[in-house]
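The values are calculated or read from the model by the stated rules, or taken from the named source; none is laboratory data. For clarity, every value in this text was computed on a predicted model and none was experimentally measured. Please note: Cβ atoms are built from the backbone with ideal geometry, for glycine as well, and neighbour counts cover all protein chains shown.
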Amino acid sequence: MALAWLVVIPFVAVALVAFTRHRAPAAGTWAAFAAALLGLGLLASERIGMPTFGVLQWRADWIPELGLDFALRLDGLAFMFALLVLAIGLLVFIYARYYLAGSESLPRLYALLLLFMGAMLGVVLSNNLLLLVSFWELTSLVSFLLIGFWPSRPEARRGARMALTITGAGGLALLAAVLLLGRVCGSYDLGVVLAHAGEVQRNPLYPAILLLVLFAACTKSAQFPFHFWLPHAMSAPTPVSAYLHSATMVKAGIFLIARFYPVLEGTDLFFYVTSLIGLVTLTGGAGMALVQRDLKGLLAYSTISHLGLIVLLFGLDTQLSTVAALFHTFNHAVFKASLFMAAGIIDHETGTRDLGRLRGLRRYMPHTCALASVASLAMAGVPLLNGFLSKEMFFGETLAQDLLGDFNWLIPALAVVAAALSVAYSLRFVWGVFFDGATPRDLPHYPPHEPPRFMKLPVEILVVICLLVGLAPQHTIGRMLESAAWFALGGVVPAYSLSIWHGVNVPLVMSAASMIAGALLFFFRRDAFRHHRSRLSEMNASEGFDRLVQRLEKGAGAIVRMFETRSLPAYLAWMIAAMLIVPGAALLALASFDGAYRSAPIDPVTLIGLALIALLSIGVVAVRANTLYALVMLSTCGLLVTLAFVRFSAPDLALTQISVEVVTVLLLVLAIYFLPVVQRTIEPLPARVRNAVLAIAGGAMLGGVAYAVMTRAPVAGIAPFFLANALPGSGGHNVVNVILVDFRGFDTLVEVSVLVVAGLAVKALLRGLRLKAPDTGPGGLPWSSQSHPLLLAILARLMLPLTILVAVFVFLRGHNLPGGGFIASLIVSVALLLQYVASGVLWTESRIRINYRALAGLGLLVAATTGLGALAFGQPFLTSAFGHLHIPLIGEIELSTAMLFDLGVMGAVVGTTLTIVSHLGVRDKDMQSVEKS
């Protein structure tokens, strides 16, 4: 259960931060600190009691029909990434407290960072692939909000949209890969998938799975050609950049490759694709980092380069290269977080990140200078720091690969070039900011000074870790690295040494050569900058992305203009055409419309009813210009349908149909009251021909489907189950009502919820609408001066209590006889609607003082609470219970919790219907009074 809390705690903290945002902002800060600390404590407590290669799992059923369980897994690989997420997250929280000191947006930043932390923990701890995809998409959504944290800045909005577009596309690719893996392995459980690695690689779907997983990982980790979104994410606040570049967003792609490595590795396709992507990203990112003028831009491209190095190590596809990839993942997270925080301190204290204006800050900020220098040297791979050890392992593995034949030298050579560029841009970071020039110039904040003490604390901790790992790697990270490598490699760990000295060997020579070359490149950097910029000025990937987006928008615009004509007949035409094409093709493919069953003879009464319905339908079309006549024919047609339900023994359907028919007719009468009496037909002849063809074809297809289905043998369905279990399971003889309030109660609750939301939306649209009543009625005659006839008003008032009594009777009998809450609610609605029609809105609402919105909400609450009550007894949501009670003089009666649920449905339907009616049909002169009420 601790694993579940490990994922849930950040989301709980989000709620606390949101709740205290305006009441006590400082409480949100402490809630964020507490969430990270508690998460670290839980993670450590779970890990301490586990063997080095042990696995801790936790599972709860969620949607088993889809294969989706809330399943979590803590092994060595997940532990390393979860530790980075929580530990660096805590340091980022401390740093953000001072970076945005006094800002009203600090609680919002904490809330989003906590969401990001929870989503990343979900990714690394998921033991179900569908759950992993869910958390993966959540990281993309939250990163969109974080990158666009300052929406008033155009570059922030652009960077957020770019990141969401690229990583969102990767999320779709990951979903496709997971669905294919589930098909191949027969399960979405991670353990099952890892156990079927050989089967996956032998399957014809393996290339598609591999490419989709790599696509998802490359978009998330900003690998070529999807690298360009990451520099544009620099518009986010520096705490976000530090977290995003070190332990979260970009590391999610690395984790994905590591997690699926046992399933995908070992093939030529994996080697060539992964190593090529990593190699291009490694060298290209390093070259772009060297020419950046913005401090965070330099760090962003260096992140891209180091991520390319990690991906290349996975692509080299040896056991030791995988260990090196995981080792450098940890090292990069530590020194890159410290560098971004140092860059944020510089920006915070000087007001700029422009390397052309920053210089000589060592005199003003000596402590920050020392911290940034150590972190930069770690990034450059200088000995006695953590980056040196993983870089040496990287050089050694580039020499060990033997898959390029005569060109095996190419990868080590490019690795040295990239390492030299890394040294050059690391020196530029330190020298350009702290040593180049005597004094800084044109600083917005002058003179600069050291930040608050605790703002430097996270940087100090991270720099100390760089030193400790560099000096004593086996004692600091050895066990954790071994455990992570065990699970990334599928249960094996190669022999390796984390010693800081391996003698004079080729990797050491390569490292020395890269440092010398990097120093020389930095010394002659100005000529290199001019050459580099002139060659890359025409290779702007973000501009290509913008052009692609513009073309997609133009294409989407053309499609919208084709279909979005703001014409209801046109929309219906497209819908009916689609219906004719898709199901119609299947219908035409049948060998015969006729089945084994013969149709029963039609009696004269049924034939007359069908003929009347057909004639009335034709009449509605013929007189559609006169809305009143069309409505009369339409309502008569609905009445005949009700009689058809009665004729074929469907009393529940008949009661529902007649109730809906009355309510609908009343609402339509109120609506057409404000329309012209006669509307001219404006459709041109081609449109009328099109409509006629579609109507005839659609009717023929639906009739053909009905005939084909009814003349064939019935397929065994679920009806026998309902018939057999309605009485013993829910205590009701009316199977239709039992299905609605018990077996399919969740569906009913959702539908009622949608109805309430729709009612509130209609009310919002009608509120403030000024409708002018027409001056004349049919035939041009003026309306009667008596708006509300006295006889109708008297009859309506007499009928109200009788109708309510009928509604109560129908409601109480619904569990065993035709009726129920929905039908009763419609009857009540009809009674109250009649009062509005007979006596007017103002008169009715002055006497019936009911807040219909509150009634709808209360009904929904009662229905939901009834369902929650079952949980208290260990039963599934909305499980009903029933029993029998003996009352003196009355006898035995049945009581069921489904009645409470039905009562809630009744309140929601009545409240929603009357909410709409109370604002419909109100004349302009009455609107002000109605709104006040």
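On inspection, ALA258 does not qualify as within 21 Å of MET234 (Cβ to Cβ) and either crowded, with 24+ Cβ neighbours inside 10 Å or touching a strand residue (DSSP E or B) at 6+ places or on another chain (Cβ under 9 Å) (or both).
In the condition set (1) exposed (fewer than 15 other Cβ atoms within 10 Å of the Cβ); (2) under 24 Å from LEU256 (Cβ atoms), HIS475 is compliant with all but (2).
Quick check on ILE166: is it within 29 Å of ILE477 (Cβ to Cβ) and either surrounded by fewer than 24 Cβ atoms within 10 Å (Cβ to Cβ) or in contact with a strand residue (DSSP E or B) (Cβ under 7 Å, 6 or more places away or on another chain) (or both)? Judged against the criteria, ILE166 is not a match.
Across region 34-88, the number of residues qualifying as touching a Phe, Trp or Tyr at 6+ places or on another chain (Cβ under 6 Å), assigned to a helix (DSSP H, G or I) and modelled with pLDDT under 90 comes to 1.
The number of residues in region 442-467 being surrounded by fewer than 19 Cβ atoms within 10 Å (Cβ to Cβ), part of a helix (DSSP H, G or I) and in contact (Cβ under 8 Å) with a residue 40 or more places away in the chain comes to 5. In region 499-524, what residues are over 20 Å from GLY470 (Cα atoms) and part of a loop (DSSP other than H, G, I, E, B)? The one that is over 20 Å from GLY470 (Cα atoms) and part of a loop (DSSP other than H, G, I, E, B): PHE524.
The C-beta contact set for region 538-552 (first residue at pLDDT below 80, second residue among the aromatic types (Phe, Trp, Tyr) and in a helix (DSSP H, G or I), distance under 9 angstrom, 6+ apart or interchain) comprises SER542/TRP229; PHE545/TRP229. For the condition surrounded by 15 or more Cβ atoms within 10 Å (Cβ to Cβ) and more than 29 Å from ALA577 (Cβ to Cβ), LEU643 qualifies.
Just a yes or no: is a residue in region 285-294 part of a helix (DSSP H, G or I) and under 30 Å from the mean Cα position of the chain (by Cα)? No, there is no match, as no residue in region 285-294 is part of a helix (DSSP H, G or I) and under 30 Å from the mean Cα position of the chain (by Cα). Exactly one residue out of LEU113, LEU146, LEU86, LEU141 is within 24 Å of PHE19 (Cα to Cα), surrounded by fewer than 18 Cβ atoms within 10 Å (Cβ to Cβ), touching a helix residue (DSSP H, G or I) at 6+ places or on another chain (Cβ under 8 Å) and not polar (S, T, N, Q): that is LEU141.
Report whether or not ILE48 is free of Cβ contacts under 8 Å to residues at least 40 places away in the same chain and of a type in the set (Val, Ile, Thr). Judged against the criteria, ILE48 is a match. Taken as a whole, the structure leaves LEU587 outside the set of residues that are modelled with pLDDT of 85 or more and surrounded by fewer than 17 Cβ atoms within 10 Å (Cβ to Cβ).
Here ASP742 qualifies as surrounded by 14 or more Cβ atoms within 10 Å (Cβ to Cβ) and acidic (Asp, Glu).
The test for being in contact with a helix residue (DSSP H, G or I) (Cβ under 9 Å, 6 or more places away or on another chain), within 20 Å of SER305 (Cα to Cα) and surrounded by fewer than 19 Cβ atoms within 10 Å (Cβ to Cβ) holds for LEU414.
Checking the stated criteria, LEU190 turns out not to satisfy the condition of being under 21 Å from the mean Cα position of the chain (by Cα) and more than 25 Å from VAL291 (Cβ to Cβ).
Looking only at region 859-869, decide whether some residue is surrounded by 22 or more Cβ atoms within 10 Å (Cβ to Cβ) and under 30 Å from ILE794 (Cβ atoms). No: zero hits. Scanning region 840-852 turns up no residue that is of a type in the set (S, T, N, Q) and within 25 Å of ASN737 (Cα to Cα).
The residue of region 857-878 that is nearest to the chain's Cα centre (by Cα), among those that are touching a residue at least 12 places away in the same chain (Cβ under 8 Å) and in a loop (DSSP other than H, G, I, E, B), is PHE877. Residues in region 279-301 that are among the β-branched types (Val, Ile, Thr) and closer than 21 Å to GLU397 by Cα: VAL280, THR281, THR283. Of the residues screened, LEU312 is not one that is closer than 14 Å to ALA419 by Cβ, surrounded by fewer than 24 Cβ atoms within 10 Å (Cβ to Cβ) and assigned by TED's automatic domain parsing to the domain that holds ASP436. Among the residues of region 404-416, those that are on the phi < 0 side of the Ramachandran plot and over 41 Å from the mean Cα position of the chain (by Cα) comprise LEU404, ASP406, PHE407, ASN408, TRP409, LEU410, PRO412, ALA413, VAL416. For region 174-226, the set of residues classified as more than 19 Å from TRP136 (Cβ to Cβ), assigned to a loop (DSSP other than H, G, I, E, B) and not small (Gly, Ala, Ser) consists of HIS196, ASN203, PRO204, LEU205, PHE224, PRO225, listed by residue number. Of the residues making up region 139-159, those that are in a helix (DSSP H, G or I) and closer than 18 Å to LYS220 by Cα are THR139, SER140, LEU141, VAL142, SER143, PHE144, LEU145, LEU146, ILE147, ARG158, GLY159. Among the residues making up region 170-185, those that are small (Gly, Ala, Ser) and either at pLDDT below 90 or in contact with a helix residue (DSSP H, G or I) (Cβ under 6 Å, 6 or more places away or on another chain) (or both) are GLY170, GLY171, ALA173, ALA176, ALA177.
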